[in-house]
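Participant: So that we are looking at the same thing, I have put the structure below in structure tokens.
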Amino acid sequence: MDEEENGKVAAAASATTGGGGGGAPEIPKKSLFRYNSPLVQVGLIGVVCFCCPGMFNALSGMGGGGQVDPAASNNALTALYTTFAVFGIMGGGIYNILGPHMTLFAGCSTYVLYAGSFLYYNHYQHQAFVVVAGGHLGIGAGLLWAAQGAIMTSYPPHGRKGTYISMFWSIFNMGGVIGGLIPFVLNFHRTKAASVNDATYIGFMVFMSVGMIISLGILHPSRVIRDDGSSCTNIKYSSVSTEVVEILKLFLNWKMLLMVPASWASNFFYSYQFNNVNGVLFNLRTRGLNNVFYWGAQMIGSVFVGYLMDFSFKSRRARGLLGISVVALLGTAIWGGGLAKQLGYSRHHEPEVKLDFKDSEFAGPFVLYFSYGLLDAMFQSMVYWVIGALADDSEVLSRYAGFYKGVQSAGAAVSWQVDAHNAPFLSQLIVNWTLCTISYPLLAVLVIMAVKDEDGEDGGGEGKGKSVMPALH
């Protein structure tokens, strides 16, 4: 059945490009830079995310959006993740209906407005515009990340999903590295500055605008052909009624329910790490430098986990379990180190002097913050690998990725308000550590029950144009 369907896809692709004379062959010529190859397309979505979410991460990672008072940033991020939670879940269906061009372009445009709102805030100190821009960005981010999740998990061949995820994650997080250099360089001589200068926000806006343009180069999954001649989906465009029904089914899908704690945890720790570690312990220019290494660490973490989950064992299920076990072990060690540091200060007893990168006491807290970045990438790469192992078709995986991002964003919305209401630093750390710890055994159960070792089958019999989602009764 698989070979027959793949043949039909190849024949359809040949017909649309001119048939037997000048049409594309069933098995495309192997080329590293073939434009409709999964490698190039995943690379392109990585560049888009480098420019837009990557720069957003650098902006958020400074603590308080680069402002002395994090209140405006916290409220904007709460609005952002609230709308993100809704449109993250809906985003997979919207992507299936509109395709990548309109979905990604609309999503990217909202990042530019968000960075611009902080430029406005630098002069007028009015929160309203920043909060509205945050809510607007949540809509766009839901669209962008649903499309990204579908592309990253469905385009690669079965046995190389971890490799492609790590490639994407490295390109994407290079945006955070470059974005971290922007405030570090532009504010290098402002050792006592409270807020970043205008040029910092303008630099972010330029990168985000470039990403918006590049997003138009992403092909529809039906036009992306793997090296074996198979297509990433048999569906051209879906319908609104179909997507509404399939999205609602996700809330009774046992696979998705097992992923809820991991989804909730995966962005919940950002408010603690950005505001209460980087923002509290370090001065402005050092926060920018720290971000360079925080997002750089993510490149290392994603490559490490991608290798483990693609090449460690022949059995796909065994690779998944090994990856989860390693991330659990390292995560426990990193959160333990965070606890040791957190016991030395609190919200009511913050350090009197913020650390500079030239200070002798800089090394320990810096290594901790670097390790948090490492863990973030390992945790999320692990989750994306599991999602990619559950199905193979872009249409199904766009919904799975959208559900993941929706729940993730709901958790983030709560976490930013937890911090805005001055929850104790230690309590935030313990909650973050607990959420991550609960996630590991549930993901292991999901891998054991739903991930098949045979390359020819996906996790639950899904992914060939029809979605059969088992429900809890």
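The values are calculated or read from the model by the stated rules, or taken from the named source; none is laboratory data. Since we're looking at a predicted model, the values are computed, not measured. Cβ: placed from backbone, ideal geometry, glycine included. Neighbour counts: every protein chain shown. These accessible areas exclude ligands, DNA and RNA; they are computed on the full protein's heavy atoms, side chains included. Shrake-Rupley method; radii C 1.70, N 1.55, O 1.52, S 1.80 Å.
Participant: Could you go through region 336-351 and let me know if any residue there is among the basic types (Lys, Arg) and within 24 Å of residue 434 (Cα to Cα).
Facilitator: Just the residues of region 336-351 that are among the basic types (Lys, Arg), to begin with: 341, 347.
Still in the running and within 24 Å of residue 434 (Cα to Cα): 341, 347.
The answer is yes, given that some residue of region 336-351 is among the basic types (Lys, Arg) and within 24 Å of residue 434 (Cα to Cα).
Each row is one residue, and each column tells you yes or no for (1) farther than 30 Å from residue 393 by Cβ; (2) of a type outside the set (A, V, I, L, M); (3) open to solvent by 20 Å² or more (accessible area, probe 1.4 Å); (4) in the same structural domain as residue 42 (by the TED database).
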| residue | (1), (2), (3), (4) |
| --- | --- |
| 117 | yes, yes, no, yes |
| 124 | yes, yes, yes, yes |
| 127 | yes, yes, yes, yes |
| 130 | yes, no, no, yes |
| 135 | yes, yes, no, yes |
| 139 | no, no, yes, yes |
| 151 | no, no, no, yes |
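Participant: Being touching a Leu at 6+ places or on another chain (Cβ under 9 Å), under 30 Å from residue 282 (Cα atoms) and either surrounded by fewer than 24 Cβ atoms within 10 Å (Cβ to Cβ) or not basic (Lys, Arg) (or both) is the requirement here; does residue 164 meet it?
Facilitator: no
Participant: Restricting region 398-453 to residues that are among the aromatic types (Phe, Trp, Tyr) and closer than 30 Å to residue 95 by Cα, which is surrounded by the most Cβ atoms within 10 Å (Cβ to Cβ)?
Facilitator: Restricting attention to region 398-453, the residues satisfying the condition of being among the aromatic types (Phe, Trp, Tyr) are 400, 403-404, 416, 425, 433, 440.
Next, from what is left, pick out any that are closer than 30 Å to residue 95 by Cα: 400, 403-404, 416, 440.
Working: 400: 31, 403: 27, 404: 29, 416: 29, 440: 20.
For region 398-453, the residue satisfying everything is 400.
Participant: Take the conditions of a type outside the set (Ser, Thr, Tyr), free of Cβ contacts under 8 Å to residues at least 60 places away in the same chain and part of a helix (DSSP H, G or I) and apply them to residue 396. Does it pass?
Facilitator: Spelling it out, it is not the case that residue 396 is of a type outside the set (Ser, Thr, Tyr), free of Cβ contacts under 8 Å to residues at least 60 places away in the same chain and part of a helix (DSSP H, G or I).
Participant: Out of all the residues in region 354-391, which are open to solvent by less than 10 Å² (accessible area, probe 1.4 Å) and outside any helix (DSSP H, G or I)?
Facilitator: Of everything in region 354-391, just one residue is open to solvent by less than 10 Å² (accessible area, probe 1.4 Å) and outside any helix (DSSP H, G or I), namely 391.
Participant: So, one more: What pairs come out if I take residues in region 365-377 that are of a type in the set (S, T, N, Q) and pair them with residues that are open to solvent by 10 Å² or more (accessible area, probe 1.4 Å) whose C-beta lies under 6 Å away, six or more apart or interchain?
Facilitator: 371/334
Participant: Might you let me know whether region 347-354 holds any residue that is of a type in the set (Lys, Arg), assigned by the TED database to the domain that holds residue 426 and under 24 Å from the mean Cα position of the chain (by Cα)? Step through it out loud before you land on a result.
Facilitator: To start, the set of residues in region 347-354 that are of a type in the set (Lys, Arg) comprises 347, 354.
Next, only the ones that are assigned by the TED database to the domain that holds residue 426 stay: 347, 354.
Among the residues that remain, those that are also under 24 Å from the mean Cα position of the chain (by Cα) are: none.
No; the residues of region 347-354 include none that is of a type in the set (Lys, Arg), assigned by the TED database to the domain that holds residue 426 and under 24 Å from the mean Cα position of the chain (by Cα).
Participant: In region 57-77, which residues are modelled with pLDDT of 80 or more, under 14 Å from residue 416 (Cβ atoms) and open to solvent by 10 Å² or more (accessible area, probe 1.4 Å)?
Facilitator: 75
Participant: Quick one: which helices (runs of 4 or more DSSP H) lie wholly within region 209-314 and hold at least 2 residues that are in contact with a Ser or Thr (Cβ under 8 Å, 6 or more places away or on another chain) and open to solvent by 50 Å² or more (accessible area, probe 1.4 Å)? Reasoning before the result, please.
Facilitator: Numbers: elements: 240-250, 254-268, 284-311.
Where helices (runs of 4 or more DSSP H) fall fully within region 209-314 and carry at least 2 residues being in contact with a Ser or Thr (Cβ under 8 Å, 6 or more places away or on another chain) and open to solvent by 50 Å² or more (accessible area, probe 1.4 Å), they are 284-311.
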